Amino acid sequence: MRHNLVINSCLEVLGGYQPECDSPKIQLAQFWQTCEQPSKEEQILIEEVFLGCIRFSKIITVAVDAFFKSEGGKKRTRCKQLVYKVLCYLFLFRMDELGIGEFRRLVLTQEPKKMHQFLQFLTDENTIATIMKPEWCLFYEENFVESKLIKPLQRFLPEFGCFLKELHDKIEEITPPKPSKKMITEVTPFNLTVIKPRGVIMPAPIPKVAPTKPIPSSMYNPPAEIDRIQEAKRENRIKVQEMLATAQVQQPQCANAKKSVKAKSILQQIIEEKESKLKYEKRKASVVKAKLVGGIIRCT
């Protein structure tokens, strides 16, 4: 059995399952079309783990949530939750079929430190009795919890002690000492010539440098150009203000509506030229006589 393939396939099919949209059979059918083709034994185990995690999701969720709470509320990722759910299902429901050997190989496909913490939490009798059992009894009868979950789990606890020690040693990188049949060579120091200490080289004398001149006080005074610039700015501002006051009092020539003598003479000349061009028919004109009748002027 390819244990790494089994675990990764279980995580992939569980991660893509959406109970609101698809049924478990449809999810499995779609998964078999895209995944690497497993053997018959591996395919059966993957299907049973997937369906078992869905069927006993409440029991598995209680154990996984309790583990995260015991770790101080560490950040939960979906990948971590799926790994713990798959291993929790195998630990609670499939140990009789798999045995400690196959379960050990499946666990070793993951990070040893995390697996050691999770299995140490699941195999703690105090945790089982005080945390998980009361929560499981909220969803199932106490008889089912006692006979199907607690007793099979307690039966494998002694065997898990050695496996947990193996995981701990793997984390600490402790390897058991191998018996050595060869004789150990005794190390004898070499008879080396003692090196004479080197003489200390005298440093070169530090040359005496002539004292520097003090910094003149004018260095810290502001330059006179700044004062002259400020004075010029002040005088220019006064001139501008005087010019503004003069402009506001005197009206500009462009705003004067009164025409000059030259403009008036030109206009008069234009009017006379236009009137000279008018020619009336004087021979047809007649004198109009006006009479006052009853306060009304009548023309005849």
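The values are calculated or read from the model by the stated rules, or taken from the named source; none is laboratory data. Here the structure is a predicted model, which means the values were calculated and not measured. Every residue, glycine as well, gets a Cβ built from its backbone with ideal geometry; the counts of neighbours run over all protein chains shown. When the accessible area is computed, the model is the full protein with side chains, heavy atoms only, and any ligands, DNA or RNA have been set aside. Shrake-Rupley method; radii C 1.70, N 1.55, O 1.52, S 1.80 Å.
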Does any residue of segment 46-60 turn out to be acidic (Asp, Glu) and under 21 Å from residue 115 (Cα atoms)? no
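Residue-wise test of (1) surrounded by 13 or more Cβ atoms within 10 Å (Cβ to Cβ); (2) outside any helix (DSSP H, G or I).
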{"position": "30", "(1), (2)": "yes, no"}
{"position": "44", "(1), (2)": "no, no"}
{"position": "54", "(1), (2)": "yes, no"}
{"position": "72", "(1), (2)": "no, yes"}
{"position": "80", "(1), (2)": "yes, no"}
{"position": "88", "(1), (2)": "yes, no"}
{"position": "99", "(1), (2)": "no, no"}
{"position": "116", "(1), (2)": "yes, no"}
Which members of segment 123-171 meet the condition of being part of a loop (DSSP other than H, G, I, E, B), farther than 25 Å from residue 111 by Cβ and free of Cβ contacts under 8 Å to residues at least 40 places away in the same chain? 137, 138, 141
With respect to residue 26, is the statement that it is aliphatic (A, V, I, L, M), farther than 16 Å from residue 84 by Cβ and either open to solvent by 60 Å² or more (accessible area, probe 1.4 Å) or at pLDDT below 75 (or both) true? yes
Are any of the residues in segment 162-181 over 47 Å from the mean Cα position of the chain (by Cα) and either at pLDDT 80 or above or among the small types (Gly, Ala, Ser) (or both)? yes
Would you mind finding the one in 130, 185, 193 that is surrounded by 10 or more Cβ atoms within 10 Å (Cβ to Cβ) and of a type in the set (S, T, N, Q)? 130
